[in-house]
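Report on the structure given below.
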Amino acid sequence: MNGRAGSDTAGPGLAAARYVLNALVVAGGVLPLYILAKQSVTPELETFAWPPHWMPHRLTIAHFASVFEVSELRSAILRSLGVAAISAAIAITLGAMLAYAMSRSPITRSTGFSTVSGIRLLPMITVAIPLGIILATLGIYDSPSGIGLALVHAAIAIPTAALTMYASFAAIPLEIEEAAWIDGASPLRIFLTVDLPIARTAIATALILCFILSWDEFGFALLVQQTNRTLPPLLYYYTVFGNVGPASALALLMMIPAVCVVVALGSSLRGALIAGTSR
Amino acid sequence: MNAAAKKLRTVFVLAPCVFMTAMLLLPALNGLVLSFDHHGPSLGNYRILLGDPMFWRALANNLLVPFGSVIVEFALGLALALALTAPRKRSALIETAAILPFAIPEIVILTLARYIFMPRGYLNGAIAMTGMHALPWLSPRSSLAMLTVIFVDAWHVTPVVMLMLMAGLQAIPAELYEAARLDGAGTLATFRFVTIPMLMPAIVGALILRGIDALRIFSTVLVLTGPEGVPVLSTYSYSLWDDAQKPQEAMAASMILALMVTLIGVGGLLFARRYSRDNGALK
Amino acid sequence: MHPLTTLTRSLALALGMLLAGCRAAPAPGQINIALAVFPDEAARYDTFVADFESQHHVHVNVLAQTYPDILQAMRVQAASRGSLDLVELDLAMLGEAHGYAQPLDSVVSPSARALFSNEAWNAATIDRRLYFIPHRLMWQAMIYNRVEVPNPPATWNDLESFAREHPGRLALKGARYEGAVCDVMPFVWTAGGSECAPDSAGSLRALDFIRQLAPVLNDESAVFREMSVLEAQARGSVWIHFNWPFAIAYLHSKGLAPNVNLSAPIPAGPDGRATPLGGGYLAIPKAAPHAKLAAEFIQYLLTADVQSKLSRELGWYGSVPPPMGSEDAQLYAGYVAMRPFVRARPTVDCYADLSDQWRRAIRAVLFDDAAPASAIASNFLEAADRCDCAESSSRTQL
């Protein structure tokens, strides 16, 4: 079997080390979730107690209730959804175009690759402060719909989208395209009716990755949406303002999209993650 | 086919590149110009930065913290990749748990880390139960705080490194291991002479990518310690913009960060290209 | 699923979201008000405005943010476009912010004026036009843990003894924003100094005093802001700090006051007691989409009934003192005691710069062990270039 770093008959020491590592991994994944869950359903008086309570003594739904009662929280959830959806749609459209072009010619491949690499070198803070000024001039800074943020998220997601879809496009045999060409289809039509359907799994994966990228993004959201916030800066605000209960409830809610996706898609996602994050 | 297809390809590569350039590169260039605006064109903003002790601390930390973070995430990532690739039966549970820190939004992880590492947080609570002295994990300007920040930053990213290295591990042909076993090599020798050399391209590639990302550290420091605790260039720039309301100085600081990332990033890419060229010759 | 279908569906979803987002934009019957409140205060403010909402058939959308971010949003709105109809600003920002606000002389009636003192209105009047209305007036007091510190320190000497006996239990807000200035100015004032004269004997004496405290302060002071030091007090790692009335309200809402924490006067110095006046003032920003509705809201606020209601429901001690003998009186005892000693900071355009220089000097003394004289010398401009603030830090009658 490929990739075995050692045989199964290695000493019991190695097996024990592996067991400990596995236990740490599970603990590292599960324990934090438990802490958040506990804090979201216990009164803050308990959360502030010292030494900390490891098991909840009293339960309350007040924190989850406040998430749904406070109008700013509700609009933040909608805004995060909207920004993620719009930016993902733009990113996979432009990303598919880029990936296809990159897969069909060495010139476009190196152009695309250089642009993507160069863009990746830009720190968020370098872009966000002057971008805020530009968006303000355009009238879309801190907009209630979050459209300015959606455009930025689309721009930073295009590399991920393109690289996730690149391999699928590159793997399409040219003969299929040539057959369609002989039948009289234009190159655009070939792209839409021949290539896209074949690459649909990669496209769907890219869509999900771009959605989650926008949903999770904190830096630009903090600087571009100051009063009409999305969820990550709002969670930051709640945390540094000492509201542990609602912050924990909000944090749990924020995890829903990503955790669903990771658990449901399992190992097929791993391949895509590697492609998308290897950039 | 060729002419029409070429036109399509041109449009398909230009549209996304123009969009990305307009949204990201142009503002950065605009910021570069504005950073030289201090009551008229001058170096005034940069001079102010150079006179601020916190700027120098931020600069030093912006090299130390990413360096430490990359070491930790590669050590952990490699260990995890080996552990999860080796056994005959792969456990979906273990793999999912290993990926969870990556799936959870970074702000959620940082919120958690804050509650764990704060002076009366869960870690010190657990330590107090054993009767030992609590430690000031996030004490401003302490080396311990830097280590805590390094650890938390690395922990969130380790699954990504693990995935990259697993891809590299799985590409190593089994025959090489078989040959090593037949030659009588033990686990450690196999690791040294088969695994690591074959994995080097993946490691180098991942190092450059993660290294560039690590240099841009922002939210970890902001949430855990605040801009004054373990200052780095991005939080220093942010505090100039948000607390002090001085956008030009903030942009000057962010330009210095961009310069650092560019130099190290380009240097890394050149090194990788020469490395793969040399190694290709060896093969 | 056919990718074209995927694309079509996602674009449709995106379009739907965009339209939903556009509807979330200020509708005709909605006003946006940005306040520097906590999340749970925002929730209570939501309830408080229900009366106004039903009377005028509008929705009041409460946005919780920090003062600097609100000022930033206001600045942007004045230059181009924005969605804010009412903003709350800190007293210290009024000098700078009046350029982005609409004049309110016609909105405030004489009976409304009677609700607050002349000094409160003076701070809001720049170039003889009124730009702001007092929303809540606040000043700092000492918050202490009554279980660990049964007898709170009453003088500088007491404070120093406490800090030395219990290292790490006294905290100052030392982060790089105005909190450090608010904590240290009372010491400067009660030593006879002033923010306009950083090299005066009184100012140097005060800085000397806090330099002695520096080694025994809670070591997170370098990063503390109002909320982080308050959370540390709530968790019991800090026993004494200085904060605004919302601190007691916050602790009370978590069940930690009055049983664990109480308020007390700020320790007295050689020249008596002092505390900085702060507080939210409301303004109608330039280019507000619903300026008329915003003015109606202001008029609604400026009645005695609504002010009492505001004070009661939000627990905002300041505008209206709590009735004697009530639980609130016990909670806010420190604030009541400090009322005669409140001082306004100068309302000059360059106050931000002045405060910035003070903040750097204070941090140098506290965290870099700088001598006060050299900290002043290296962090303040030459006297000629300095911010020109009149010696106007007189006592304010509230």
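Considering every residue within the stretch B:131-138, establish whether at least one is more than 20 Å from residue B:71 (Cβ to Cβ), in contact (Cβ under 8 Å) with a residue 60 or more places away in the chain and surrounded by 15 or more Cβ atoms within 10 Å (Cβ to Cβ). Please lay out each step first, then the result.
Taking the stretch B:131-138 first, the residues more than 20 Å from residue B:71 (Cβ to Cβ) are B:131-136, B:138.
Next, from what is left, pick out any that are in contact (Cβ under 8 Å) with a residue 60 or more places away in the chain: B:138.
Still in the running and surrounded by 15 or more Cβ atoms within 10 Å (Cβ to Cβ): B:138.
Yes - at least one qualifying residue is present in the stretch B:131-138.
Hey, among A:117, A:110, which residue is assigned by TED's automatic domain parsing to the domain that holds residue A:161, open to solvent by 50 Å² or more (accessible area, probe 1.4 Å) and of a type in the set (Gly, Ala, Ser)? Spell out the reasoning first.
Details: A:117 fails: open to solvent by 50 Å² or more (accessible area, probe 1.4 Å).
Among A:117, A:110, only A:110 is assigned by TED's automatic domain parsing to the domain that holds residue A:161, open to solvent by 50 Å² or more (accessible area, probe 1.4 Å) and of a type in the set (Gly, Ala, Ser).
Find the helices (runs of 4 or more DSSP H) located wholly in the stretch B:1-61 whose residues include 3 or more that are within 14 Å of chain A (Cβ to nearest Cβ) and open to solvent by 60 Å² or more (accessible area, probe 1.4 Å), and list them.
Numbers: elements: B:2-20, B:26-35, B:44-50.
Filter on the stretch B:1-61 gives B:2-20, B:26-35.
Taking the residues in the stretch A:225-249 that are touching a Phe, Trp or Tyr at 6+ places or on another chain (Cβ under 6 Å) and open to solvent by less than 10 Å² (accessible area, probe 1.4 Å) as candidates, determine which candidate is farthest from the other protein chains (Cβ to nearest Cβ).
Keep residues of the stretch A:225-249 that are touching a Phe, Trp or Tyr at 6+ places or on another chain (Cβ under 6 Å), which gives A:232, A:241, A:246-247, A:249.
Of the ones still in play, those that are also open to solvent by less than 10 Å² (accessible area, probe 1.4 Å) are A:232, A:247, A:249.
On the way: A:232: 4, A:247: 6, A:249: 11 Å.
Applying the filter and picking the extreme gives A:249.
Given the criterion within 11 Å of chain A (Cβ to nearest Cβ) and open to solvent by less than 30 Å² (accessible area, probe 1.4 Å), identify the matching residue among B:261, B:204, B:149, B:230.
Values: B:204 fails: within 11 Å of chain A (Cβ to nearest Cβ); B:149 fails: within 11 Å of chain A (Cβ to nearest Cβ); B:230 fails: within 11 Å of chain A (Cβ to nearest Cβ).
Just a single option satisfies the conditions, and that option is B:261.
Here's the yes/no breakdown for (1) part of a helix (DSSP H, G or I); (2) under 21 Å from the mean Cα position of the chain (by Cα); (3) more than 30 Å from residue A:158 (Cα to Cα):
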residue	(1), (2), (3)
A:25	yes, no, yes
A:30	yes, yes, yes
A:54	no, no, yes
A:73	yes, yes, no
A:112	yes, no, no
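Residues of the stretch C:172-193 being more than 11 Å from chain B (Cβ to nearest Cβ) and either among the small types (Gly, Ala, Ser) or at positive phi (or both), which ones?
Scanning the stretch C:172-193 gives C:191, C:192, C:193.
Go through C:253, C:326 for me and flag whichever is within 20 Å of the chain's Cα centre (by Cα) and either modelled with pLDDT under 90 or not assigned by TED's automatic domain parsing to the domain that holds residue C:89 (or both).
Answer to the selection: C:253.
Restricting the stretch C:98-128 to residues that are acidic (Asp, Glu) and closer than 16 Å to residue C:346 by Cα, which is least open to solvent (accessible area, probe 1.4 Å)? Let's see the steps before the verdict.
First pass over the stretch C:98-128, keeping only residues acidic (Asp, Glu): C:105, C:119, C:127.
This time we only want the ones that are closer than 16 Å to residue C:346 by Cα, so: C:119, C:127.
Working: C:119: 70, C:127: 128 Å².
Only one residue tops the list, namely C:119.
If we keep just the residues of the stretch A:57-71 that are open to solvent by 100 Å² or more (accessible area, probe 1.4 Å) and in a helix (DSSP H, G or I), which is farthest from residue A:150 (Cα to Cα)?
First, pick out the residues of the stretch A:57-71 that are open to solvent by 100 Å² or more (accessible area, probe 1.4 Å): A:57-59, A:61, A:68-69.
Checking the rest, the ones that are also in a helix (DSSP H, G or I) come to A:68-69.
Numbers: A:68: 24, A:69: 26 Å.
Among them, the one singled out is A:69.
Among the residues of the stretch C:49-58, count how many are buried (at least 19 other Cβ atoms within 10 Å of the Cβ) and either at pLDDT below 90 or away from chain A (no Cβ under 13 Å) (or both).
Initially, the stretch C:49-58 is screened for residues buried (at least 19 other Cβ atoms within 10 Å of the Cβ), giving C:49, C:58.
Going one step further and asking which of them are either at pLDDT below 90 or away from chain A (no Cβ under 13 Å) (or both), we end up with C:58.
Residues in the stretch C:49-58 being buried (at least 19 other Cβ atoms within 10 Å of the Cβ) and either at pLDDT below 90 or away from chain A (no Cβ under 13 Å) (or both): 1 in total.
Quick test for you: out of A:253, A:207, pick the one residue that is surrounded by fewer than 22 Cβ atoms within 10 Å (Cβ to Cβ) and assigned by TED's automatic domain parsing to the domain that holds residue A:163. Full working, then the answer.
Values: A:207 fails: surrounded by fewer than 22 Cβ atoms within 10 Å (Cβ to Cβ).
Step by step, each of A:253, A:207 is checked, and only A:253 is surrounded by fewer than 22 Cβ atoms within 10 Å (Cβ to Cβ) and assigned by TED's automatic domain parsing to the domain that holds residue A:163.
Looking at the stretch A:167-202, which of the residues that are touching a residue at least 24 places away in the same chain (Cβ under 8 Å) and of a type in the set (Val, Ile, Thr) is farthest from residue A:102 (Cα to Cα)? So that I can check it myself, show each step before the final result.
Taking the stretch A:167-202 and keeping what is touching a residue at least 24 places away in the same chain (Cβ under 8 Å), we get A:167-170, A:172, A:191, A:195-196, A:198-199, A:201-202.
Within this subset, residues satisfying the condition of being of a type in the set (Val, Ile, Thr) are A:172, A:198, A:201.
Values: A:172: 13, A:198: 17, A:201: 19 Å.
Looking at residues that are touching a residue at least 24 places away in the same chain (Cβ under 8 Å) and of a type in the set (Val, Ile, Thr), I get A:201.
Scanning for something under 19 Å from residue A:230 (Cα atoms), assigned by TED's automatic domain parsing to the domain that holds residue C:314 and modelled with pLDDT of 65 or more, does the stretch C:25-32 turn up at least one residue?
Yes, the conditions are met somewhere in the stretch C:25-32.
Take the conditions assigned to a helix (DSSP H, G or I) and under 30 Å from residue C:363 (Cβ atoms) and apply them to residue B:276. Does it pass? If you could, list the steps in order and put the result at the bottom.
On the way: assigned to a helix (DSSP H, G or I): yes; under 30 Å from residue C:363 (Cβ atoms): no.
Criteria not met by residue B:276.
Kindly provide the set of residues from the stretch A:123-143 that are surrounded by fewer than 22 Cβ atoms within 10 Å (Cβ to Cβ) and in contact with a helix residue (DSSP H, G or I) (Cβ under 7 Å, 6 or more places away or on another chain), ordered by number. First the steps, then the outcome.
In the first step, residues of the stretch A:123-143 are kept if they are surrounded by fewer than 22 Cβ atoms within 10 Å (Cβ to Cβ); the result is A:133-134, A:137-140.
Scanning the stretch A:123-143 gives A:134, A:140.
What are the residues in the stretch B:183-201 that are more than 9 Å from chain A (Cβ to nearest Cβ) and either closer than 26 Å to residue B:271 by Cβ or open to solvent by 70 Å² or more (accessible area, probe 1.4 Å) (or both), if any?
Once the filter is applied, which keeps residues that are more than 9 Å from chain A (Cβ to nearest Cβ) and either closer than 26 Å to residue B:271 by Cβ or open to solvent by 70 Å² or more (accessible area, probe 1.4 Å) (or both), the stretch B:183-201 yields B:183, B:188, B:192, B:193, B:196, B:197, B:198, B:199, B:200, B:201.
How many residues are charged (D, E, K, R) and either more than 8 Å from chain A (Cβ to nearest Cβ) or in contact with a helix residue (DSSP H, G or I) (Cβ under 6 Å, 6 or more places away or on another chain) (or both) if we restrict to the stretch C:59-84?
Taking the stretch C:59-84 as the starting set, the residues that turn out to be charged (D, E, K, R) are C:69, C:75, C:81.
Going one step further and asking which of them are either more than 8 Å from chain A (Cβ to nearest Cβ) or in contact with a helix residue (DSSP H, G or I) (Cβ under 6 Å, 6 or more places away or on another chain) (or both), we end up with C:75.
Result for the stretch C:59-84: 1.
With among the aliphatic types (A, V, I, L, M), without any contact (Cβ under 8 Å) to a residue 60 or more places away in the chain, closer than 21 Å to residue A:233 by Cα and assigned to a helix (DSSP H, G or I) as the only criterion, which of B:176, B:240, B:188, B:209 stands out?
After applying the criteria, what remains is B:240.
Among the candidates B:253, B:180, single out the residue that is crowded, with 23+ Cβ neighbours inside 10 Å, touching a Ser or Thr at 6+ places or on another chain (Cβ under 6 Å) and in the same structural domain as residue B:112 (by TED's automatic domain parsing). If you could, list the steps in order and put the result at the bottom.
On the way: B:180 fails: crowded, with 23+ Cβ neighbours inside 10 Å.
None of the others qualify; the one that does is B:253.
Provide a single number: the residues in the stretch C:350-376 that are exposed (fewer than 14 other Cβ atoms within 10 Å of the Cβ) and away from chain B (no Cβ under 12 Å). Full working, then the answer.
Looking only at the stretch C:350-376, we keep the residues that are exposed (fewer than 14 other Cβ atoms within 10 Å of the Cβ), and these are C:368-369, C:373-374.
Narrowing the set further to residues that are away from chain B (no Cβ under 12 Å) leaves C:369, C:373-374.
The qualifying residues number 3.
Identify, please: which residue in the stretch C:179-208 is more than 26 Å from residue C:90 (Cβ to Cβ) and in a helix (DSSP H, G or I) and is, among those, least open to solvent (accessible area, probe 1.4 Å)?
C:204
Looking at the stretch A:121-134 only, could you name the residues that are at the interface with chain B (Cβ under 7 Å from one of its Cβ atoms) and part of a helix (DSSP H, G or I)? Full working, then the answer.
Filtering the stretch A:121-134 for residues at the interface with chain B (Cβ under 7 Å from one of its Cβ atoms) gives A:121-127, A:129-131, A:134.
Matches in the stretch A:121-134: A:124, A:125, A:126, A:127, A:129, A:130, A:131, A:134.
Out of A:52, A:43, A:56, A:106, I need the residue that is more than 14 Å from chain C (Cβ to nearest Cβ) and within 27 Å of residue C:260 (Cα to Cα). Which one?
A:56
Could you please find all residues in the stretch A:83-101 being more than 30 Å from residue A:229 (Cα to Cα), touching a residue at least 40 places away in the same chain (Cβ under 8 Å) and either open to solvent by 10 Å² or more (accessible area, probe 1.4 Å) or outside the structural domain of residue A:188 (by TED's automatic domain parsing) (or both)?
The one that is more than 30 Å from residue A:229 (Cα to Cα), touching a residue at least 40 places away in the same chain (Cβ under 8 Å) and either open to solvent by 10 Å² or more (accessible area, probe 1.4 Å) or outside the structural domain of residue A:188 (by TED's automatic domain parsing) (or both): A:100.
For the subset of the stretch A:175-192 comprising residues that are in a helix (DSSP H, G or I) and among the charged types (D, E, K, R), which member is least open to solvent (accessible area, probe 1.4 Å)?
First pass over the stretch A:175-192, keeping only residues in a helix (DSSP H, G or I): A:175-182, A:187-192.
Narrowing the set further to residues that are among the charged types (D, E, K, R) leaves A:175, A:177-178, A:189.
Working: A:175: 123, A:177: 2, A:178: 96, A:189: 143 Å².
Per the stated criteria, the residue is A:177.
The values are calculated or read from the model by the stated rules, or taken from the named source; none is laboratory data. What you are looking at is a predicted structure, and each value in this text was computed from that prediction instead of being measured. Cβ: placed from backbone, ideal geometry, glycine included. Neighbour counts: every protein chain shown. Side chains are part of the model used for accessible areas, which takes the heavy atoms of the whole protein and leaves out ligands, DNA and RNA. Shrake-Rupley method; radii C 1.70, N 1.55, O 1.52, S 1.80 Å.
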